[in-house]
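Peer 1: Pasting a structure below so you can have a look.
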Amino acid sequence: MNRARGVFRSQQAWGPFPADRSSLLFGLVLLTAVTAAWCPRAAAEQPTDAPEQLATAAEQPTTSGADEGAPPFRLDPRILAAESGRIAAIERAMPATVSIFVPGGGGGGSGVLISPDGYALTNFHVTSPAGSFMRCGLSDGRIYNAVIIGIDPVGDLALIRLLGRDDFPYAEMADSRTARPGQWCLVIGNPFLLATNLQPTVTWGILSGVGRYQYPAGTLLEYADCLQTDASINPGNSGGPLFDDSGRLLGIVGRASFEKRGRVNVGVGYAISINQAKNFLGDLHSGRILDHATLGATVATDPDEGGARISNILRSSDAYRRGLRYGQQLLEIDGRSVNTANEVQNVLATLPAGWRVPVVYLDGRERKSTLVRLANLHGYDELLQKMAAALPPPPPTPEPSKPGPDEGPGSSPKENPADPDARPEGQPPRPLRPGRPGGGADQPLPPEVEALFEARKGFANYHPNRLKQQELLKALREPWQEMWGAPANGDEPTVEEPVQTLAPSVWTIEGVTDDPNARSVTLHVADDLYRLTIGDQVIETTRRADLAADISEKGLSGLLAALETWRTLLVRGVDGYGDCHYRGQVPLLGARPLRDCLIGVGGEYEAAWLTHPETGRLEAVEVTVDRDEDPAELLISWADGSPERPIGLELRYGTTPIFQMRVESWKVQAAEPSAEVTEVE
C-alpha cells in the first residue's frame, strides 16, 4: 500500500513515470522496442559514422545515486542507428534545398535543386510575385540569381534555374507511388523566411496519407494525388522538398491547414508528388505556361455496383473517337487502376494536356484497351485569364536608399507563400504582364538573367524554348549530313546560331509493302511534287491543300504530308518553316520514355515531330488538319550502325495502321537549279 501510494505520489510530482528502478528499466526497454519497431530501416543499416556524442552516450553506463550498485544501463544500438540514420538523411538532403527570396523584400519561399546545372522545382505561387527572376540561397552560405523557366499554374509548380555554377548539389528523386502512410519523412525549407542566414529549417514526421485530392474551389490550383504529412509546414515552406527517411525527394510542399486566427499549423500539410512533377518536367523545360489534362468526359461513382462510370462524354473528344460511351466503366488510366470518380480525377490531374495514354474500360462485359489523347482542361485564353486573377499583388519597388536584392534576401510579413490565394482585402487581381508571370517589382534584370530571358505570350520564358528548338534541329539534321552534303551557307549548325536553311533537295524512297503481297512502293517528295506509287496505284499532287483534304478522309496522302513536313523542316529550319515551338515531352503511343516534341504550324496543317531523348532520332511525325479529327501519324523505324537511315515506315490514324512498308533505299538529291526555297504557306 505504501509503495503504491509512493508511486502515485511520484507520478503526481514528476509525471507518468514509475519511481522504482525495475519499473524504470521496464519503461526504457519498452521505449527501445517501440523506437526500433518504428525505425527498421535505420536499425538494419547500422551506420558506422554515428555522431560522436551519441556513440559516447551509448558506451557510458547510466546510473543514479540510489541505484549505484545496480548493473549499468546501456543505450540500445538500434536507437543509436535510428538517430544517426536520420541525421545522415538530413545531411544528404539539406545541400539541395533552396531558400527563395523575392528581390525588393516581396516575400519568398523554398525550392529544391534537381540537376547539377541549377534547375530547381518550387511552387508557382512562390515564383509569381518575383516574376522573371529571384534570389536564391543554399545552406553553404552562397546566394545566386535565378531565372524563371516554366510554370504550371494549375498544378502549382514552377521550374527555375540558379545561375553561376554547373556543379550544384541536387536531390535524388524517389518513386512517390511506393509511398505509404506511416513512413517517416522530413521537410526542409524556409518557414516564415527565417533562413536569413541561409540555414533552412528541418521538421520530421510521418506520411499521414497518400493519394489526397483537393478540388480547386474558387481557385486555379488543383492538388491531386498529393501526399499528406504531419511534419510541420508553415508559410515559407511552400515550394520546398518533402524527403523520405533516406533523403530522397518525395514531393514539393504546397499547402497546409492552419488554425485560422493564429495561423498555427494543425498538423495537416500537403505536397505535390514527385511523380506528378516528373510528368510535367519536360514541359516545364519548354518555358511554356502549362495546362492539365481532361478526358473529355465526366465520371461518377456507381452508387449501387461501384466503379467509375462515364456519365457524359463529348462527341468531339478523342475518348469518344476511341469508342468510350455513356455508362461504360473505366478500369485503368495510364496504367493506374481507378475504381471511383475521385481516383479518375486523381490520375488525370497529374497528367499534362495533350498526352496520349492507355485506357482500359468495360464495354458491357468485354474488357477493352485503347489509347486516348487527353484534351486541355482550359482554353488558351481562359488559362491566362484565370492565372492572372490568381496572382498575388506585386511586391513593392525598393527605394534607392534601401538595400537592394544584391545586398541580401528580403521578406515581408504580409507575404504568405503557403496560402497562395491570400490577397489584401480590396486588392483587385493584377493583369498579367507579358513575359513576367506574376509580374514582380519593376526593376532592371541582372545582366546574366536578362541574357537568359525572353518575353512571349503564352510562355513564362521563351528563351529556353528557342534554344531547345535549335538543339533538336541540329540532332534531326545530323543523320542526313552525309547524304545531304554541306548546309546552304557552308557553316556547321550550332545550338547558339543554327543554320536556318539547307540546299533544296528531292527525296526518293523505295521499298515494298510490309504484307504478304509485298507490292513495290516509291515515294517522291519535293517542293513542287508529292507522289506515292504502290504497285499500279498512283497518288500525285502539287498542292499541300490536296494532302490536307485527304488526311481528313484518312487517306494515304497522310504519308506524303508527314514526309513533306519532315523534309521542309530540315531544309528551312525552325525559323523558315513557320511558327515553331518546343512543346516539351510526351509519351509515344502511350509509352515511356517520354519523347521530345517539336511543333510546327504552317499553311494547311500542324506538324509534331517526336524524337528520342537519347539518340535524337525522329520516331514519329503527326500531321493535324482539324483538332476534332485524328491526325495522320507516321511511325519511323531505324537501322543501327552507319550510315543510319530509316528502314521502315507505318501510317496510322488513331489506333489503326493503314499502311506499312520496308524501306530499301532512301535517296536525297539536289533539286533542279531553278527550284527556289519559299516560305510555307
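Peer 1: Could you figure out which of (1) open to solvent by less than 50 Å² (accessible area, probe 1.4 Å); (2) at pLDDT below 75 isn't true of Thr501?
Peer 2: Condition (1) is where Thr501 drops out.
Peer 1: Next question, about the same structure. For the stretch 177-208, give me the residue count where each residue is within 22 Å of the chain's Cα centre (by Cα) and under 30 Å from Lys386 (Cβ atoms).
Peer 2: Adding up the residues that qualify gives 3.
Peer 1: Between residues in the stretch 319-345 that are closer than 10 Å to Val359 by Cβ and residues that are assigned to a loop (DSSP other than H, G, I, E, B) and open to solvent by less than 30 Å² (accessible area, probe 1.4 Å), which pairs lie under 6 Å by C-beta distance while being six or more apart or on different chains?
Peer 2: Ala319/Leu295; Ala319/Gly296; Leu330/Val338
Peer 1: How many residues are in contact with a Cys (Cβ under 9 Å, 6 or more places away or on another chain) and of a type in the set (Val, Ile, Thr) when one looks only at the stretch 267-302?
Peer 2: Residues flagged as in contact with a Cys (Cβ under 9 Å, 6 or more places away or on another chain) and of a type in the set (Val, Ile, Thr) within the stretch 267-302 amount to 1.
Residues are listed down the side, and each one gets a yes or a no for (1) in contact with a helix residue (DSSP H, G or I) (Cβ under 8 Å, 6 or more places away or on another chain); (2) farther than 30 Å from Gly131 by Cα; (3) in contact (Cβ under 8 Å) with a residue 60 or more places away in the chain; (4) open to solvent by less than 30 Å² (accessible area, probe 1.4 Å):
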{"site": "Thr294", "(1), (2), (3), (4)": "yes, no, yes, no"}
{"site": "Ser311", "(1), (2), (3), (4)": "no, yes, no, no"}
{"site": "Ala353", "(1), (2), (3), (4)": "no, no, yes, yes"}
{"site": "Asp363", "(1), (2), (3), (4)": "no, yes, no, no"}
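Peer 1: I need the full set of residues from the stretch 575-595 which are crowded, with 22+ Cβ neighbours inside 10 Å and farther than 12 Å from Leu610 by Cα, in order please.
Peer 2: Correct list: Tyr577, Cys580, His581.
Peer 1: Pairs needed: first member in the stretch 526-551, more than 20 Å from Thr513 (Cβ to Cβ) and of a type in the set (S, T, N, Q); second member anywhere, part of a helix (DSSP H, G or I) and open to solvent by 40 Å² or more (accessible area, probe 1.4 Å); C-beta distance under 9 Å; at least 6 residues apart or different chains.
Peer 2: Short answer, once both residue conditions are applied: Thr541/Asp550.
Peer 1: In addition: Within the stretch 328-344, count every residue that is within 27 Å of Glu629 (Cα to Cα) and in contact with a strand residue (DSSP E or B) (Cβ under 6 Å, 6 or more places away or on another chain).
Peer 2: Total satisfying the criteria: 8.
Peer 1: Looking at (1) modelled with pLDDT under 90; (2) open to solvent by 50 Å² or more (accessible area, probe 1.4 Å); (3) part of a loop (DSSP other than H, G, I, E, B), which is the one condition that is false for Pro116?
Peer 2: Condition not satisfied by Pro116: (1).
Peer 1: Is there any pair linking a residue in the stretch 505-520 that is on the phi < 0 side of the Ramachandran plot to one that is in a loop (DSSP other than H, G, I, E, B), with Cβ under 7 Å and at least six apart or on different chains, and which?
Peer 2: If the second residue must be in a loop (DSSP other than H, G, I, E, B), the pairs left are Ser505/Ala671; Val506/Ala526; Val506/Ala671; Val512/Ala518; Val512/Arg519; Thr513/Arg519; Arg519/Gly535; Ser520/Gly535.
Peer 1: Okay, next question. Looking only at the stretch 288-314, count every residue that is assigned to a loop (DSSP other than H, G, I, E, B), more than 16 Å from Gly354 (Cβ to Cβ) and in contact with a strand residue (DSSP E or B) (Cβ under 6 Å, 6 or more places away or on another chain) and tell me the total.
Peer 2: 2
Peer 1: A further question follows. One residue is enough: does the stretch 378-391 have a residue meeting the conditions under 22 Å from the mean Cα position of the chain (by Cα), at pLDDT 95 or above and surrounded by fewer than 17 Cβ atoms within 10 Å (Cβ to Cβ)?
Peer 2: No, every residue in the stretch 378-391 fails to be under 22 Å from the mean Cα position of the chain (by Cα), at pLDDT 95 or above and surrounded by fewer than 17 Cβ atoms within 10 Å (Cβ to Cβ).
Peer 1: Now for a different question. Can you say whether Arg288 is open to solvent by 40 Å² or more (accessible area, probe 1.4 Å) and touching a residue at least 12 places away in the same chain (Cβ under 8 Å), as far as the supplied structure shows?
Peer 2: yes
Peer 1: I need every pair where a residue in the stretch 214-229 that is open to solvent by 20 Å² or more (accessible area, probe 1.4 Å) has its Cβ under 9 Å from the Cβ of a residue that is at pLDDT below 80, sequence separation at least 6 or different chains.
Peer 2: Partner pairs satisfying both residue conditions: Gly218/Asp421; Thr219/Ala390; Thr219/Pro420; Thr219/Asp421.
The values are calculated or read from the model by the stated rules, or taken from the named source; none is laboratory data. Bear in mind that the values here come from a model prediction, so they are computed numbers and not experimental data. When we count neighbours, we look across all protein chains shown, and the Cβ atoms used for this are built from the backbone with ideal geometry, even at glycine. Each accessible area value is taken on the protein alone, full model and side chains, heavy atoms only, with ligands, DNA and RNA left out. Shrake-Rupley method; radii C 1.70, N 1.55, O 1.52, S 1.80 Å.
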